[in-house]
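Novice: This is the structure I want to talk about, given as structure tokens.
The values are calculated or read from the model by the stated rules, or taken from the named source; none is laboratory data. Computed from a predicted structure; not experimentally measured. A quick note on method: Cβ atoms are made from the backbone with ideal geometry, for glycine too, and the neighbour counts reach across all protein chains shown.
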Amino acid sequence: MKKNRIKDLSRAELEAALKEALGEHYRVSQIFRWLYKASVRSFGEMTDIPAPLRLALDSKTYISMPELLDLKRSLSDGTTKYLFKLEDGSTIETVLLPERSRNTVCLSSQVGCKFACDFCASAPFGFVRNLSQAEILDEVVFIKNANPGANITNLVFMGIGEPLDNYDNVMRAVRIFNDKDAFKIGARKITISTCGVVPGIEKLAKEGLQVELSVSLHSADDSVRSRILPVNKRYALKNLMAACKNYIRATNRIITFEYVLIDGVNSSGPDALALAKLLKAMKCKVNVISYNRISGSPYREPKEFAVRAFMKVLKDAGLNATHRKPKGEEIDAGCGQLRISRFEKEGAE
Ligand code: SAH
């Protein structure tokens with residue numbers, strides 16, 4: 001009989017499985033603590049769980065753990081990029097971003113990505129499959145285990161893939177990240193970033209979770225946005241903005257709009273004015289980030305003075321906007337850079 005990954009089960013599903021095995025209704029909290037707080041790799045390590053229960057679990061399930069293929073740590077800011085191999089040989093990348101009082105893990109949600117954003121390093125390699133609940137959880141289990149001193153405080157779904165295109169597994173994982181017997185990371189400390197998958201935003205508005213929503217906007221003009229984010233051909237700005245406004249109304253939460261500045265594409269004065277006009281009167285934050293160069297791409301970040309001028313227009317218009325520099329650049333762990341260096345290496349072999 002094929003065993004299932006125990007970390008693919010929700011609390012209720014594990015409870016039901018135990019009840020079926022033993023006719024009893026307890027110990028899920030203990031098992032969760034072993035799996036997610038202690039990161040055990042075998043049922044034998046669950047010393048306070050009775051042997052018959054451990055045997056029952058072992059006969060039906062197993063404890064997954066990704067294989068670490070490579071690790072790169074930035075000497076300047078401590079950003080660490082992990083390359084994992086999954087059971088089917090697929091590879092994903094996960095990044096740990098340590099800061100003084102917090103440690104953020106940047107998670108992948110899919111193997112590859114369908115959305116083909118023109119400026120993103122994940123785009124050329126296409127889509128393979130969704131990550132399962134266990135595979136998403138294991139990104140954090142592994143990193144937590146490898147960094148016992150680092151308390152993981154924040155999660156961002158900004159690695160490879162589109163989280164709202166793997167909606168169910170991402171939400172299932174979020175509930176376990178929240179669980180007091182698992183990671184106990186508050187929903188407000190978990191950011192879901194989308195390129196603008198409108199049905200996903202609509203669904204999330206009804207989910208009843210307090211997660212942070214980030215929308216990768218990158219242009220306030222449909223023709224430019226469609227060129228750099230092909231998803232815009234399907235869900236144009238009018239549609240996207242309506243979904244965002246509805247989300248803000250329904251959840252009483254704000255949205256963060258991500259805006260990657262690309263020289264000659266979306267970073268002029270008129271581009272800034274158009275952005276200010278689009279977001280005027282919306283409860284939102286704007287996170288402006290300079291384009292992070294990817295080898296082989298013709299795109300460039302704008303000069304400092306152009307960034308300053310862009311930010312001034314946003315601020316003068318009353319937007320809550322900040323500019324930040326990507327982290328972990330020298331190890332290719334910055335936004336959108338995941339996967340590419342590995343493929344270049346493989347290609348060269
Ligand atoms: N699919 C999701 C999450 C993955 S990308 C999304 O699109 O939001 C995470 C963020 O990195 C997005 O805002 C994306 O647009 C941005 N990004 C991608 N490539 C980048 C690059 N080369 N430089 C800066 N940001 C980039």
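Novice: Return the residues of the stretch 151-210 that are under 26 Å from Asp222 (Cβ atoms) and acidic (Asp, Glu); say none if nothing qualifies.
Specialist: Glu162, Asp165, Glu202
Novice: Restricting to the stretch 283-301, give me the number of residues that are near the ligand (Cβ under 7 Å from one of its atoms) and within 18 Å of Met311 (Cβ to Cβ).
Specialist: Looking only at that region, the number is 3.
Novice: Would you tally the residues in the stretch 267-283 being touching a residue at least 12 places away in the same chain (Cβ under 8 Å), exposed (fewer than 14 other Cβ atoms within 10 Å of the Cβ) and either over 15 Å from Asn320 (Cβ atoms) or among the hydrophobic types (A, V, I, L, M, F, W, C) (or both)?
Specialist: Number of matching residues: 2.
Novice: If Gln210 satisfies all but one of (1) over 25 Å from Cys117 (Cβ atoms); (2) at pLDDT 95 or above; (3) surrounded by fewer than 23 Cβ atoms within 10 Å (Cβ to Cβ), what's the number of the condition it fails?
Specialist: (2)
Novice: Which condition does Leu68 not pass, out of (1) over 23 Å from Ile190 (Cα atoms); (2) buried (at least 20 other Cβ atoms within 10 Å of the Cβ); (3) modelled with pLDDT of 95 or more, if it passes all the others?
Specialist: Every listed condition holds for Leu68 apart from (2).
Novice: Evaluate the following for Ser90: is it hydroxyl-bearing (Ser, Thr, Tyr) and assigned by TED's automatic domain parsing to the domain that holds Asn147?
Specialist: yes
Novice: Checking Cys120 against (1) modelled with pLDDT under 95; (2) in a helix (DSSP H, G or I); (3) buried (at least 24 other Cβ atoms within 10 Å of the Cβ): exactly one of these is not met. Which one?
Specialist: (2)
Residues checked against (1) surrounded by fewer than 17 Cβ atoms within 10 Å (Cβ to Cβ); (2) farther than 28 Å from Gln30 by Cα; (3) of a type outside the set (Asp, Glu):
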residue: Met46; (1), (2), (3): no, no, yes
residue: Pro52; (1), (2), (3): yes, no, yes
residue: Thr80; (1), (2), (3): no, yes, yes
residue: Glu87; (1), (2), (3): yes, no, no
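Novice: Can you pull out every residue in the stretch 132-165 that is within 13 Å of the ligand (Cβ to nearest atom) and either surrounded by fewer than 23 Cβ atoms within 10 Å (Cβ to Cβ) or part of a loop (DSSP other than H, G, I, E, B) (or both)? Give the derivation first.
Specialist: The initial filter retains those residues of the stretch 132-165 that are within 13 Å of the ligand (Cβ to nearest atom), namely 155-165.
Residues satisfying the conditions are Val156, Met158, Gly159, Ile160, Gly161, Glu162, Asp165.
Novice: Cβ-Cβ below 8 Å, separation at least six or inter-chain, first residue in the stretch 158-182 and more than 30 Å from Pro124 (Cβ to Cβ), second modelled with pLDDT of 95 or more and within 16 Å of the ligand (Cβ to nearest atom): which pairs?
Specialist: Close Cβ pairs satisfying both conditions: Phe177/Leu155; Phe177/Ile190; Asn178/Ile190.
Novice: Of the numbered conditions (1) out of contact with any His (no Cβ under 7 Å at 6 or more places or on another chain); (2) within 12 Å of the ligand (Cβ to nearest atom); (3) on the phi < 0 side of the Ramachandran plot, Arg225 fails exactly one; give the number of that condition.
Specialist: Just one mismatch for Arg225, condition (1).
Novice: Exactly one of (1) at pLDDT 90 or above; (2) farther than 23 Å from Val140 by Cβ; (3) surrounded by 12 or more Cβ atoms within 10 Å (Cβ to Cβ) is unmet by Arg11. Its number?
Specialist: The one condition Arg11 does not meet is (2).
Novice: Which one of these is away from the ligand (no atom under 16 Å from the Cβ) and either buried (at least 22 other Cβ atoms within 10 Å of the Cβ) or of a type outside the set (Lys, Arg) (or both): Ser109, Ser76?
Specialist: Ser76
Novice: For the stretch 288-318, how many residues meet the condition of being touching a residue at least 60 places away in the same chain (Cβ under 8 Å) and touching a strand residue (DSSP E or B) at 6+ places or on another chain (Cβ under 7 Å)? Give the derivation first.
Specialist: Our first condition is that a residue be touching a residue at least 60 places away in the same chain (Cβ under 8 Å); within the stretch 288-318, this holds for 291, 294, 297, 299.
Subset that is touching a strand residue (DSSP E or B) at 6+ places or on another chain (Cβ under 7 Å): 291.
Count: 1.
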